[in-house]
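Working notes, structure below.
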Amino acid sequence: MILCCLLAHEAVGQKEWKDPYISIAKGHQQKPSVAQPSRAGDVVTVWEDERYYATLGSDIYIQEFDAGTGIPRWIGPRALVPGKGHLDVVTDRFDGIVVCNAPGDQRNPRAAYDGMGGVIIVWEDYRDDPTNTVANIFAQRFELSTGRPDPGWPVNGIPICQTGAHAERPRIVGTSDGAFITWIDHRNNPGSPFQDRDVYLQYIKSATASWPPPPTNWQPDGISVAVFREPDQINPEVDVDNMPGPDMLGGNTQGVVVTYQDTRRMAPGGPQLWSVMANHISSDGVQLYMPPYDLTVTGNAPGSQEYPRVVTTGKEPWVQDRRAVIVWQDHANNPMGNTPDIHAQAFDPWGNALFNPTGAVVCNAPGAQILPRLTLWEHIDPVTQSYIPYVTVGWEDGRDAAATGVDIYAGLLDAQGPGIMVNPQGTSGDPITQDPNDQDQLAMDNVIVNSSVNEYTVFAWRHFTGTEWNIHYQEVNLPAWVYQQQLNGWPVTEAKGDQVQPQCARRVFVWQDGRRQSIPNDAQEDDNIYCQTPGECTGSTMMKWRDEWAMWTHGEDAANFRSVSDPSDGSTFVVWDEVRYGFGIPGPPCRIVFIQKFDRYGVPRWSNNGVAVNVFWAPDPWGSLTAQRADVCIDGAGGARVVWEQEVI
């Protein structure tokens with residue numbers, strides 16, 4: 001039997017010839033974040049998703065993909081197609097798994113592994129405010145073995161903070177049995193302008209989907225990190241203390257170090273200044289630094305200190321040295337100007353400073369150095385057997401802003417002893433990229449993590465070409481500080497449109513991608529989530545995942561590919577047949593005809609892994625209906641006509 005089908009142009013999806021995707025659903029997918037700490041073998045990514053924005057607002061989605069192949073591992077559950085009576089074969093269930101689709105917007109997700117075979121996701125949640133103005137903080141746990149929400153946790157997550165006042169900018173770090181979550185909290189803020197925002201903290205247990213009960217200090221909406229809460233406190237960052245010990249409930253878990261910026265300090269005769277603070281809190285919610293508990297990381301240095309980041313040593317079990325290393329941007333050398341430097345300090349578990357009293361200088365080059373990032377390598381010298389915690393610090397650098405724009409620089413901090421920069425240029429910093437135009441949105445990670453011989457720090461950033469933003473990267477071998485790529489780095493992707501918000505998971509990169517733009521007869525234009533990794537393939541990109549992705553689908557035995565080009569806009573239609581499971585109710589796998597439309601740049605316009613042309617299915621578990629050997633022609637209006645062989649009963 002010969003059947004014909006007219007394909008209109010109102011379909012959705014995307015996949016580009018060179019870079020594989022994580023999600024290409026209709027609507028925007030944006031602000032990706034990879035689960036921490038990164039792991040070998042796989043990458044878990046979460047993002048904001050607007051595929052159902054008109055009815056549900058922005059949701060949170062998740063996907064795990066193989067770090068060796070880039071292939072997604074989780075597929076959403078099959079569902080009945082409304083009005084059709086059969087199970088779907090190609091829908092957005094291939095474009096990630098929903099974490100939360102409660103009414104209202106869900107924004108700004110972060111994720112961390114919990115040490116119990118799961119990953120905990122946290123986000124800002126506006127379900128209680130129809131105006132999407134006041135957010136709560138919610139969390140959900142996924143099981144890595146199934147790619148599904150933990151059945152012991154409520155659908156759409158648990159409230160971490162639900163006071164009725166705004167809460168924002170959550171950060172998370174996993175523990176052996178759960179996660180610590182911190183955020184900016186407005187419950188004590190009288191309004192605009194902001195005067196008394198606070199930093200709060202909650203400890204969530206994976207097994208119970210709740211915080212530890214009394215006699216611990218944890219409360220339903222979290223506890224204040226600072227003992228003295230009166231000033232404004234913002235921008236918290238967090239890491240576990242790597243000091244497992246007995247708690248009040250008979251467990252054996254870690255505590256946490258939280259750093260943030262705070263306005264309790266006043267300039268002489270002038271305004272309040274930002275200082276960097278830190279608190280060390282146990283798994284019972286008890287302050288561990290010496291009284292008065294709120295540790296002023298930056299002392300009484302002139303000017304403001306802002307945007308701290310923290311990493312703690314002792315992540316490797318053989319490391320006995322426990323310290324928190326904090327970096328920040330510092331205005332001490334120009335208190336009234338806009339050219340901060342980068343400084344660092346280290347503290348023991350009781351809050352004693354381990355560097356000079358005012359901290360160590362990471363970079364004091366001319367111009368502005370801002371927004372530091374950091375990674376840790378715990379190194380044992382193979383000759384002396386001495387322990388050295390190396391911290392790679394990267395930042396955006398404006399020393400040549402007038403000539404070449406903002407650049408990316410970095411250095412290597414020996415965080416033992418007084419804190420000395422051991423990269424070739426010392427406190428001047430070494431360039432990661434000095435390409436023309438601006439570079440920003442720096443992301444960093446280390447590759448080997450547990451090597452005692454050498455390590456690699458990977459840098460990824462957003463590079464402006466003069467018309468668009470792309471993603472570039474560089475890799476530096478430690479401790480010798482040897483660049484692994486050419487000067488100024490190498491492109492991860494140079495696809496059309498803007499690529500932004502890069503993330504690093506060892507050598508795997510994830511980003512928000514704007515290559516799907518409107519074309520004739522198809523106005524769809526949105527951002528999606530893509531990924532890539534360096535490899536040994538041919539071509540100028542030196543990226544590993546390439547053309548094989550144009551042919552890869554979720555089915556089996558794909559065959560009989562035919563294509564036709566549309567001269568009016570340069571697009572191409574491809575048809576094929578393949579075997580997919582779950583098409584019947586119930587029934588065996590069926591051979592089905594699929595079609596995909598690519599624009600002139602190789603960007604797919606339609607559903608993830610193709611659109612099913614035929615909707616016939618087996619009427620019983622033992623039957624099988626085959627559709628195959630399709631052919632395709634254009635319809636002159638941005639669509640296509642397809643004919644194929646169809647077995648019928």
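So Pro271 passes all but one of these: (1) farther than 16 Å from Val393 by Cβ; (2) surrounded by 21 or more Cβ atoms within 10 Å (Cβ to Cβ); (3) not β-branched (Val, Ile, Thr). Which condition number does it fail?
Here Pro271 clears every test but (2).
Say whether the condition of being closer than 29 Å to Asn217 by Cβ and surrounded by 16 or more Cβ atoms within 10 Å (Cβ to Cβ) is met by at least one residue in segment 332-342.
Taking every residue of segment 332-342 in turn, none turns out to be closer than 29 Å to Asn217 by Cβ and surrounded by 16 or more Cβ atoms within 10 Å (Cβ to Cβ).
Any idea which residue in segment 376-397 is farthest from Gln425 (Cα to Cα), counting only those that are open to solvent by 10 Å² or more (accessible area, probe 1.4 Å) and within 26 Å of the chain's Cα centre (by Cα)?
Checked segment 376-397; the qualifying residue farthest from Gln425 (Cα to Cα) is Leu376.
In this structure, is Gly255 at positive phi and free of Cβ contacts under 8 Å to residues at least 60 places away in the same chain?
Considered against the rule, which asks whether it is at positive phi and free of Cβ contacts under 8 Å to residues at least 60 places away in the same chain, Gly255 comes out as no.
Only one of these is out of contact with any strand residue (DSSP E or B) (no Cβ under 6 Å at 6 or more places or on another chain) and of a type in the set (A, V, I, L, M, F, W, C): Val227, Val240. Name it.
Just one listed residue meets the conditions, Val227.
Quick test for you: out of Asn437, Asn423, pick the one residue that is more than 20 Å from the chain's Cα centre (by Cα), surrounded by 20 or more Cβ atoms within 10 Å (Cβ to Cβ) and assigned to a loop (DSSP other than H, G, I, E, B).
After ruling out the rest, the residue left standing is Asn423.
Looking only at strands (runs of 3 or more DSSP E) that fall completely inside segment 16-105, which ones have 3 or more residues that are modelled with pLDDT of 90 or more and either among the β-branched types (Val, Ile, Thr) or surrounded by 23 or more Cβ atoms within 10 Å (Cβ to Cβ) (or both)?
29-34, 42-49, 59-66, 97-100
Taking Gly255 and the conditions (1) touching a Gly at 6+ places or on another chain (Cβ under 7 Å); (2) open to solvent by less than 30 Å² (accessible area, probe 1.4 Å), which numbered condition does it fall short on, given that it satisfies the others?
(1)
Output the residues belonging to segment 387-414 that are farther than 16 Å from Pro308 by Cα and either without any contact (Cβ under 8 Å) to a residue 24 or more places away in the chain or charged (D, E, K, R) (or both).
Matches in segment 387-414: Asp397, Arg399, Asp400, Ala402, Ala403, Asp407, Asp414.
Go through segment 571-590 and report how many residues are at pLDDT 85 or above and open to solvent by 10 Å² or more (accessible area, probe 1.4 Å).
Summing the residues that are at pLDDT 85 or above and open to solvent by 10 Å² or more (accessible area, probe 1.4 Å) in segment 571-590 gives 3.
So that you can scan it fast, the table gives a plain yes or no per residue for (1) in contact (Cβ under 8 Å) with a residue 24 or more places away in the chain; (2) touching a Phe, Trp or Tyr at 6+ places or on another chain (Cβ under 7 Å); (3) within 19 Å of Leu413 (Cα to Cα); (4) of a type in the set (S, T, N, Q):
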position: Ala324; (1), (2), (3), (4): yes, yes, yes, no
position: Gln329; (1), (2), (3), (4): yes, yes, yes, yes
position: Thr339; (1), (2), (3), (4): yes, no, no, yes
position: Gly359; (1), (2), (3), (4): yes, no, yes, no
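Mind checking whether some residue in segment 503-513 is farther than 26 Å from Asp42 by Cβ and not acidic (Asp, Glu)?
No, the conditions are met nowhere in segment 503-513.
Would you be able to say whether some residue in segment 346-355 is assigned to a strand (DSSP E or B), closer than 21 Å to Trp461 by Cβ and modelled with pLDDT of 95 or more?
There is no residue in segment 346-355 that is assigned to a strand (DSSP E or B), closer than 21 Å to Trp461 by Cβ and modelled with pLDDT of 95 or more.
Picking from Pro418, Pro431, which residue would you name as being part of a strand (DSSP E or B), over 24 Å from the mean Cα position of the chain (by Cα), touching a residue at least 24 places away in the same chain (Cβ under 8 Å) and surrounded by fewer than 22 Cβ atoms within 10 Å (Cβ to Cβ)?
The conditions single out Pro431.
Could you please find all residues in segment 209-222 being within 26 Å of the chain's Cα centre (by Cα) and surrounded by fewer than 23 Cβ atoms within 10 Å (Cβ to Cβ)?
Ala209, Ser210, Trp211, Asp221
Out of curiosity, is Arg169 in contact (Cβ under 8 Å) with a residue 12 or more places away in the chain, within 27 Å of Asn242 (Cα to Cα) and not in a loop (DSSP other than H, G, I, E, B)?
yes
Would you check if there is a residue in segment 298-316 being in contact (Cβ under 8 Å) with a residue 60 or more places away in the chain, farther than 29 Å from Gly115 by Cα, buried (at least 20 other Cβ atoms within 10 Å of the Cβ) and of a type in the set (A, V, I, L, M)?
Among the residues of segment 298-316, not one is in contact (Cβ under 8 Å) with a residue 60 or more places away in the chain, farther than 29 Å from Gly115 by Cα, buried (at least 20 other Cβ atoms within 10 Å of the Cβ) and of a type in the set (A, V, I, L, M), which makes the answer no.
Which one is nearest to Gln63 (Cα to Cα) among residues in segment 114-141 that are open to solvent by 10 Å² or more (accessible area, probe 1.4 Å) and in contact (Cβ under 8 Å) with a residue 60 or more places away in the chain?
That would be Arg141.
The values are calculated or read from the model by the stated rules, or taken from the named source; none is laboratory data. Please read all numbers here as calculations on a predicted model, not as lab measurements. Cβ sites come from the backbone with ideal geometry, for glycine too, and all protein chains shown count toward neighbours. Ligands, DNA and RNA are excluded from the accessible area calculation, which covers all protein heavy atoms including side chains. Shrake-Rupley method; radii C 1.70, N 1.55, O 1.52, S 1.80 Å.
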